[in-house]
Amino acid sequence: MSIIRSGNHTILAAPGRPMLAAPLASTPTLPLGNGLAGIPGLAAWWDAATPTGLLDASGAPLSAFGNAVAAVADKSGSGRILGVWHAASNALAPLATPRLNGLLGGVGRNTITPPSLPGPGKQLPLMDPDQGLMSSAFNLGAGSAWTLFLVWSRPNWRQGGAIASALVSIGGTTVLAAENAGGTRLLLFPGAQQTVLSSALTRRHSHAVVLRNRPGAGMDVWLDGTQVAGGAPNPLAAALSAPLLLLHTGAAQGGAECWFHEAAFWPQAVDASGIAAITAYQTRWYLGPRRGVQILVSGQSNAGNALNDGAWHLLAQGVAWHLGALAYGVVGSYGYPPSATCIGGQGIYPVPALGFPGSFLTNPNDGSDPSTWTLGADGQALRNYLLGTTADAGDIAVLFWPWSETDSTRQYSEKATYAAAARRLLALERGMLARSAASLPLVWWSAIPFAYGSNDPGMQMQREVVAEMVTDPTLNVAVVLPQTADSLPRGATLTANGSWTGGDSLHRDAVDNLRFGRLAAPLVARAVLAASGGDTIGILPAGVPVTGGPVVSHVYRRTNNTLIVTVTHDGGNDLIVPPGPAAAGLGWAVMDGGIAAMPGTIVPATACVRLNATQLQITLAQNLSAASAYCRLFYPYGTTTIGRGNVVTDNLGSVTPPADWDIAGDLGAAWRFNMPLHVRMTSPSGVALVDAAV
């Protein structure tokens, strides 16, 4: 473990896995009372950290992130705005983009926004290759004294070509450039008279540079507060009046594909005290290596459908927002051997009784312990895909198994075998990446309704195995979608009364897949943080969901057919029972005696009524006969589909989010939602009834 200093922030970095970690204030603060304004001679100061520093096409300050940017305002009072510049005349405006560096944002344009999918081999964000920013003219020749301060972030190698990212250009000459395509150097005046300022640039980074020109003495450069050049050659003409062009060469498609954060200009050589003041001020930014968040998705056809729907890219976007990560994406493909991560119909090991030949693991059918099983054809396809992926293996922050379908059709008696096989596959998948359980969490969902053979005990078996894996701290497993029955068959038509017609009952609807991606984001972010896989934000505040929605915590048997259900909230503070199927009790059921392996009578509900902010009254279709300790409540039991809009929820979407944590304000209204109520996954499954109220 190496320890690096970046400004006044400590970066703890495992080899090849940098992580910037420090708690953020609720609002950005500046070390200097007036920021850069206290440094004499300031002629221009452009700050894109918040929307108010950015201007729309009419010159008005922006009120929120996500809006188009025409210019960056000048905070010096000189009125020298920094305008958006493109070589092409028909280019799109960049956007004010949040949480690129802790809670601070910047200017740039990601050209592919989830649920749209990037092309093969492309990483998100996929930056506009023809976007830069230009000032009005300054005296910038080698014979003039001047100082420039710039803060930028590069989320990926340049994807519009392998040319270096030009960070500063003057009069057609590239002054400062970062190498791409695996290069590690930061160059001053790249070419015959170049000075190498650093040979340690990472693919993803945030840096601050100060360039100071002293006539007759050359260029002095500070990178992240450390002087890296003194008196370097300056090949510019002695007298040169020209604009500053930032993040662009000036040629067609010459954009740096970087985010712009901040810049300032002084028409003088700032003295040592001024340089020290800039260095103190720039600690508002997290500087140094940065991380992306990649989610490795494995599973069957529902995992693959959702991948193609863009659901898991939405999930990655939400995780990156919560972590302040600079890049995000999904590692995975839906296909067939010899190379894929999601393969339709394939269980962890074969289900021969139903004709499912899946072989992520090979079961030799000789009674051997699953811990000794080897990869089957599908497991080999997963490994082959990982060997061929262009994503950084070090950026894979979490394994995601939206996986349960054919595995949930097994007999309950297979539970021990299935549990051991799931552990074996998990260990092998982590081994493909040479990662430990502590560094690479697995996140799963609660088994989706899969009415193939109506094997309700098999559904409960699969859910119980997942629950048992969660309770084993050595496995580092979490459930991030505990309620999946609130969804529709793929392609079904939702009717006005909450029911539906048609559709493919074995696959989830695209709308629900997208919702699943958004719902899971805060929980996946927490799992990544717990494994030290974050970037610039290390703490999620109270009010951000922890358990995936309100959870049943107590069930009082008021009468033989009336239950009082108490819930514990998770971000929300009230309960909502939609009219229609939810009010009619759809999904609620009690197992009247028996056990999951040999179920007693499953008694459905006929009504669900909100009593108060934390309690519901459930009316059952018939009286229960077993003692309360032998009755268990489910929501839902087995293969029951509740349907989109039919589940009891909290009111999270109308609760004021924590300060600086309004994801809907930053990413769009679709990220404002209520969380579904669920019964916590346990083994044995369900919640036992009690005869005492709370």
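Restricting to segment 559-583, give me the number of residues that are surrounded by 16 or more Cβ atoms within 10 Å (Cβ to Cβ) and closer than 23 Å to Leu652 by Cα.
Adding up the residues that qualify gives 16.
Does segment 639-661 hold any residues that are touching a Phe, Trp or Tyr at 6+ places or on another chain (Cβ under 9 Å) and under 22 Å from Ala542 (Cα atoms), and which are they?
Thr649, Leu652, Gly653
Within segment 235-293, count every residue that is touching a Phe, Trp or Tyr at 6+ places or on another chain (Cβ under 7 Å), under 30 Å from Val331 (Cβ atoms) and not small (Gly, Ala, Ser).
Going through segment 235-293 one residue at a time, the tally reaches 6.
Being assigned to a strand (DSSP E or B) and either touching a strand residue (DSSP E or B) at 6+ places or on another chain (Cβ under 6 Å) or in the same structural domain as Trp266 (by TED's automatic domain parsing) (or both) narrows it down to one of Ala87, Ala96, Ala64, Ala57, so name that one.
Ala96
Pick from Ala478, Ala467: which is in the same structural domain as Tyr412 (by TED's automatic domain parsing), among the hydrophobic types (A, V, I, L, M, F, W, C), surrounded by 19 or more Cβ atoms within 10 Å (Cβ to Cβ) and over 27 Å from Gly329 (Cβ atoms)?
Answer to the selection: Ala467.
Got a sec? Which of Gly534, Gly517, Gly549, Gly502 is buried (at least 23 other Cβ atoms within 10 Å of the Cβ) and at positive phi?
Gly549
Please tell me if Tyr349 is of a type outside the set (Val, Ile, Thr), touching a helix residue (DSSP H, G or I) at 6+ places or on another chain (Cβ under 9 Å), surrounded by fewer than 20 Cβ atoms within 10 Å (Cβ to Cβ) and within 22 Å of Asp407 (Cα to Cα).
no
What are the residue pairs meeting all of these: first residue in segment 46-65, first residue touching a residue at least 24 places away in the same chain (Cβ under 8 Å) and under 19 Å from Gly668 (Cα atoms), second residue surrounded by fewer than 17 Cβ atoms within 10 Å (Cβ to Cβ) and of a type in the set (A, V, I, L, M), Cβ atoms under 9 Å, and 6 or more apart or on different chains?
Pro51/Ala64; Leu62/Ala68
For segment 175-194, how many residues meet the condition of being surrounded by 20 or more Cβ atoms within 10 Å (Cβ to Cβ) and either modelled with pLDDT under 95 or in a strand (DSSP E or B) (or both)?
7
Residue-by-condition table, conditions (1) closer than 14 Å to Val567 by Cα; (2) not in a helix (DSSP H, G or I):
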position: Pro604; (1), (2): no, yes
position: Val609; (1), (2): yes, yes
position: Thr641; (1), (2): no, yes
position: Asn646; (1), (2): no, yes
position: Asp666; (1), (2): no, no
position: Thr682; (1), (2): no, yes
position: Val694; (1), (2): yes, yes
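Residue-wise test of (1) in a helix (DSSP H, G or I); (2) surrounded by 19 or more Cβ atoms within 10 Å (Cβ to Cβ); (3) of a type in the set (Asp, Glu); (4) outside the structural domain of Leu124 (by TED's automatic domain parsing).
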residue: Gly367; (1), (2), (3), (4): no, no, no, yes
residue: Asp378; (1), (2), (3), (4): yes, yes, yes, yes
residue: Phe400; (1), (2), (3), (4): no, yes, no, yes
residue: Ser413; (1), (2), (3), (4): yes, no, no, yes
residue: Thr417; (1), (2), (3), (4): yes, no, no, yes
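I'd like to know if segment 447-461 contains one or more residues that are among the charged types (D, E, K, R), farther than 19 Å from Val319 by Cβ and modelled with pLDDT of 95 or more.
no
Being crowded, with 24+ Cβ neighbours inside 10 Å and farther than 26 Å from Gly108 by Cβ narrows it down to one of Ala316, Ala311, Ala303, so name that one.
Ala303
Do we find that Arg632 is within 28 Å of Thr495 (Cα to Cα), of a type in the set (Lys, Arg) and under 38 Å from the mean Cα position of the chain (by Cα) in this structure?
It is false that Arg632 is within 28 Å of Thr495 (Cα to Cα), of a type in the set (Lys, Arg) and under 38 Å from the mean Cα position of the chain (by Cα).
Step by step: first the residues of segment 624-635, then only those that are in a loop (DSSP other than H, G, I, E, B) and either of a type in the set (Val, Ile, Thr) or touching a strand residue (DSSP E or B) at 6+ places or on another chain (Cβ under 8 Å) (or both), then the one that is nearest to Asn561 (Cα to Cα). Which residue is that?
Leu624
Output the number of residues of segment 573-591 satisfying the condition of being touching a Leu at 6+ places or on another chain (Cβ under 9 Å), in a loop (DSSP other than H, G, I, E, B) and under 21 Å from Leu689 (Cα atoms).
Residues flagged as touching a Leu at 6+ places or on another chain (Cβ under 9 Å), in a loop (DSSP other than H, G, I, E, B) and under 21 Å from Leu689 (Cα atoms) within segment 573-591 amount to 2.
Provide a single number: the residues in segment 113-138 that are surrounded by fewer than 18 Cβ atoms within 10 Å (Cβ to Cβ), part of a loop (DSSP other than H, G, I, E, B) and touching a strand residue (DSSP E or B) at 6+ places or on another chain (Cβ under 7 Å).
Within segment 113-138, residues that are surrounded by fewer than 18 Cβ atoms within 10 Å (Cβ to Cβ), part of a loop (DSSP other than H, G, I, E, B) and touching a strand residue (DSSP E or B) at 6+ places or on another chain (Cβ under 7 Å) number 0.
Against the conditions (1) in a loop (DSSP other than H, G, I, E, B); (2) at pLDDT below 50, where does Leu12 fall short? Just the number, please.
(1)
The values are calculated or read from the model by the stated rules, or taken from the named source; none is laboratory data. Predicted, not measured: the structure shown is a model, and the values here were computed from it. Reconstructed Cβ throughout: ideal geometry from the backbone, glycine too, with neighbour counts over all protein chains shown.
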